[in-house]
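The following block contains the structure, expressed as structure tokens.
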Amino acid sequence: KAGVTQTPRYLIKTRGQQVTLSCSPISGHRSVSWYQQTPGQGLQFLFEYFSETQRNKGNFPGRFSGRQFSNSRSEMNVSTLELGDSALYLCASSLPAPYGYTFGSGTRLTVV
Amino acid sequence: DAKTTQPNSMESNEEEPVHLPCNHSTISGTDYIHWYRQLPSQGPEYVIHGLTSNVNNRMASLAIAEDRKSSTLILHRATLRDAAVYYCILLPGDQFYFGTGTSLTVIP
């Protein structure tokens, strides 16, 4: 079956711009979670969506937002980009716990 | 913060067994122990999970302590392709919090 698809794979943006990243989960998975990973850091949880509602949120500023559509596809948006937002952004889809996650390959965002 | 603690890094010689430890002293009775690994420039991938009994699959084995406060991921014969960061996570109790994992270096 198809895995989790993230688009685009790579992105270069200028400081102050905004960006939208997309994640298509595995069919039947209603939970989508997003993570930021900077060099040498573990995965930092951004937020989780379930049935179009944000169910959990990590400790990130309001510039980071997301949404989920009725087909479970999810987008995350970062406004007013800062250099420190350069990172690998990963999304994962899952069935209800205790089932685990299936991750996408990520979007590599570079802010210049 | 993550409920699990792992060593930051470990080394192993190629073709030797590797034992990656994870401590989870505050695990609850309903938490499953999951392991993931992340190869360079890729998203994490599922390795194995268990509740109480030891588990085996084609990738690895999971040994769970009798009191469930620790577990060990066992790679039976390390290969260069096993060089990755390994994460131990409790689900559902610690969902979304992967910590920094153990970076495994495999020496040829």
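The values are calculated or read from the model by the stated rules, or taken from the named source; none is laboratory data. On a predicted model such as this, the values are computed, not experimentally measured, just so you know. Cβ atoms come from the backbone with ideal geometry, glycine included; neighbour counts cover every protein chain shown. Quick note on the areas: whole protein, heavy atoms, side chains included, nothing else; ligands and nucleic acids left out. Shrake-Rupley method; radii C 1.70, N 1.55, O 1.52, S 1.80 Å.
Nearest 100 Å² is fine: what is the total accessible surface buried where chains B and A meet, probe 1.4 Å? Working shown, then result.
Numbers: alone 6170 and 6090 Å², together 10790 Å².
So the total buried area for this chain pair works out to about 1500 Å².
For the stretch B:10-67, what percent of Cα pairs sit more than 15 Å apart?
Everything past 15 Å amounts to 58 percent.
Please check the stretch A:33-60 for residues whose accessible area, probe 1.4 Å, is lower by 50 Å² or more when all protein chains are in place than in their chain alone.
Relative to the lone chain, where solvent access is computed with a 1.4 Å probe, the stretch A:33-60 loses at least 50 Å² at A:Leu43, A:Phe45.
Just need log10 I(q)/I(0) for the protein assembly as shown at q = 0.10, 0.16, 0.18, 0.19 Å⁻¹, Debye formula, equal scatterers on the alpha-carbon atoms, no solvent, rounded to two decimals.
-0.45, -1.09, -1.30, -1.39
Which residues of the stretch A:76-112 show a drop of at least 50 Å² in accessible area when all protein chains are present, compared with their chain alone (probe radius 1.4 Å, heavy atoms only, ligands and nucleic acids excluded)?
A:Pro98, A:Tyr101, A:Phe103
Could you check the simple spin-label distance between A:Phe60 and A:Arg9, using points 7 Å along Cα→Cβ, in nm with one decimal?
Roughly 2.2 nm, to one decimal.
Another one. Can you pull out the trypsin sites (Lys or Arg not before Pro) in the stretch B:1-103 that DSSP calls coil and that have at most 11 other Cβ atoms within 10 Å?
Qualifying residues, ordered by number: B:Arg58, B:Arg77.
Can I ask one more? Computed from the mean reciprocal separation of all distinct C-alpha pairs, what Kirkwood hydrodynamic radius does chain A have, in Å? Don't jump to the answer; show the numbers that get you there.
On the way: mean 1/r = 0.0718 Å⁻¹.
Across chain A, the inverse of the average 1/r is 13.9 Å.
Select from the stretch B:31-52 all residues whose loss of accessible area on going from the chain by itself to the full protein assembly reaches 20 Å² or more (probe 1.4 Å).
Buried by the other chains: B:Tyr32, B:His34, B:Tyr36, B:Gln38, B:Ser41, B:Gly43, B:Pro44.
In addition: Distance between the C-alpha centers of the stretch B:4-63 and the stretch A:30-83? Whole Å please.
That distance is 25 Å.
Principal axis extents for the stretch A:1-44, Cα atoms only, whole Å, descending order, please.
Ordered largest first, the stretch A:1-44 gives principal extents of 37, 23, 15 Å.
Relative to the compact-globule scaling 2.2 N^0.38 Å, provide the ratio for the alpha-carbon radius of gyration of the stretch A:46-112. Before the final figure, lay out each step's value.
Values: Rg = 12.8 Å, N = 67, 2.2 N^0.38 = 10.9 Å.
Normalised by 2.2 N^0.38 Å, the Cα Rg of the stretch A:46-112 equals 1.18.
Quick one: which residues, 5 or more positions from B:Ser103 or on another chain, have an amide H under 5 Å from its amide H? H modelled 1.01 Å from N in the peptide plane, none for Pro or chain starts.
B:Ser9, B:Met10, B:Tyr86
Net charge around B:Val106, counting only other residues with Cβ within less than 14 Å of its Cβ (Lys, Arg = +1; Asp, Glu = -1)? Present the calculation step by step, with values, prior to reporting the outcome.
Numbers: positive: B:Arg37, B:Arg77, B:Arg81; negative: B:Glu11, B:Glu14, B:Glu15, B:Glu16, B:Asp82.
Taking every Cβ under 14 Å from that of B:Val106, the sum is -2.
Please work out whether the stretch B:41-108 counts as rounded, prolate or oblate from its C-alpha gyration tensor, where a ≥ b ≥ c are the square roots of the eigenvalues and a/c under 1.5 means rounded, while otherwise a/b larger than b/c means prolate and anything else oblate? Walk me through the numbers on the way to the answer.
Working: a/c = 2.01, a/b = 1.28, b/c = 1.57.
Verdict is oblate for the stretch B:41-108.
Find out how many positive minus negative residues lie around B:Met10, taking Lys and Arg as positive, Asp and Glu as negative, among other residues whose Cβ is under 13 Å from that of B:Met10. Let's see the in-between values first.
Working: positive: B:Arg37; negative: B:Glu11, B:Glu16, B:Asp82.
Once all neighbours under 13 Å are counted, the net charge is -2.
Enumerate the calculated ³J(HN,Hα) couplings along the stretch A:19-36 in order (Karplus 6.51 cos²θ - 1.76 cosθ + 1.60, θ = phi - 60°), each rounded to whole Hz, writing x wherever the residue is Gly or Pro.
9, 10, 10, 10, 9, 10, x, 5, 4, x, 8, 9, 9, 10, 10, 10, 9, 10
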